[in-house]
Amino acid sequence: MMQSKGSNSKVSNMVFRTRISSLLISMFAIFASFYVAGRLWQDAQNRAYLIKELDRVTGLGQSAISVDDTLKIIACREQHKTLSALEMDLAIARQEGFTSKRSSDTSGAVSKRKPLVVIGVLTRFGRKNNRDAIRKAWMGSGETLKKMEKEKGVVSRFVIGRSADREDNLDRSIDDENRQTNDFIILDQVEAPGELPKKVKMFFALAADKWDADFYAKVNDDVYVNIDALGATLSSHLDKPRVYIGCMKSGLVFSEPSHKWYEPDWWKFGDKKSYFRHASGEMYVISGALAKFISINRSLLRTYAHDDVSAGSWFIGLDVKHVDEGKFCCSSWSTGAICSGV
């Protein structure tokens, strides 16, 4: 009798637990059904909205097109518009060569095309004779300078820093000269031989901020530049989004502190003590994308003892086209050359 009561009790407990489990499972199934139904309704609403928007834009009326196809169509249309605009710009560039002329928009307003190149002529205190020679030889001044910007798309500026003793005679002489010529970029950094790599970096950064040009060039203030040859050469590289053009070299790294070209970070360049490939510092050109890269990362890009090595180091890890162009070898003047040391 006692065993029968114990058995009945166990059976009752099992049945009770089974009912509770079934109830929990049923409740979970109901909540899951509500959740799935809600998500399906939300997706259906999104699909209906997108298809309605597509119908409104395209005027196609009722359509069984999927949401994915809708988004693809919209993306393709935007890309087609961009491609058409680029093809028009390319056709105009081919017709005009390297010149940059004014164009009118549909409203008749006159607008300026972007410069082909911004040239920074790095100069220093006590070099006014050099600057005057450059103005007379190829850069121009006053209306001639403006005409070159307007007709050839070539912007040229002298680049210089400030005296360690701010507002002294050196600074005032540059300010006076600039008031007469208006052809300087005056950097907010000390003008000193050891600061040249930083000076180059700041020129590219500030020039990219001020002018939206196809190219940016660094030139020394003892170099003659053939503007027409430069324009023709750069026009042939407009199809390269990231390009670094110059007279490429790879010189020795000197570890002796007494040497003229001493490199404090010589140990970073390996046992052979040779620099990586880089453009000679007399003159080189980078594309607009690289100048913008320098502008954005100016605080992170380190410099070495020499400005040309520093510039080359900034592009080592990037997908950049290095162009070894003999016309940029300023020490050997030849027919069609772009630059020559004077």
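The values are calculated or read from the model by the stated rules, or taken from the named source; none is laboratory data. Predicted model only: the values in this text are computed from it and were never measured. Ideal geometry is used to build each Cβ from the backbone, glycine not excepted, and the neighbour counts take in all protein chains shown. When the accessible area is computed, the model is the full protein with side chains, heavy atoms only, and any ligands, DNA or RNA have been set aside. Shrake-Rupley method; radii C 1.70, N 1.55, O 1.52, S 1.80 Å.
The table below lists the values:
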| read-out | value |
| --- | --- |
| Separation of alpha-carbon centers, the range 312-333 and the range 162-222, rounded to whole Å | 23 |
| Gain on full stretching of the segment that runs from residue 178 to residue 332 - 0.36 nm per residue minus C-alpha separation | 52.2 nm |
| Candidate residues 170, 230: accessible-area rank, largest first, probe 1.4 Å | 170, 230 |
| Extreme residue, positive dipole direction of the range 166-248, given options 245, 178, 206 (C-beta unit charges) | 245 |
| Order by protection proxy (mean Cβ within 10 Å, highest first), peptides 285-291, 222-228 | 285-291, 222-228 |
| Distant-in-sequence amide H partners of residue 190 (H built 1.01 Å from N, under 5 Å) | 162 |
| List 171, 176, 188, 324, ordered by accessible area with a 1.4 Å probe, largest first | 188, 324, 176, 171 |
| Per-residue SASA entry for residue 113, accessible area with 1.4 Å probe, Å² rounded to 10 | 80 |
| Accessible area of residue 151 in the full protein assembly, 1.4 Å probe (Å², nearest 10) | 90 |
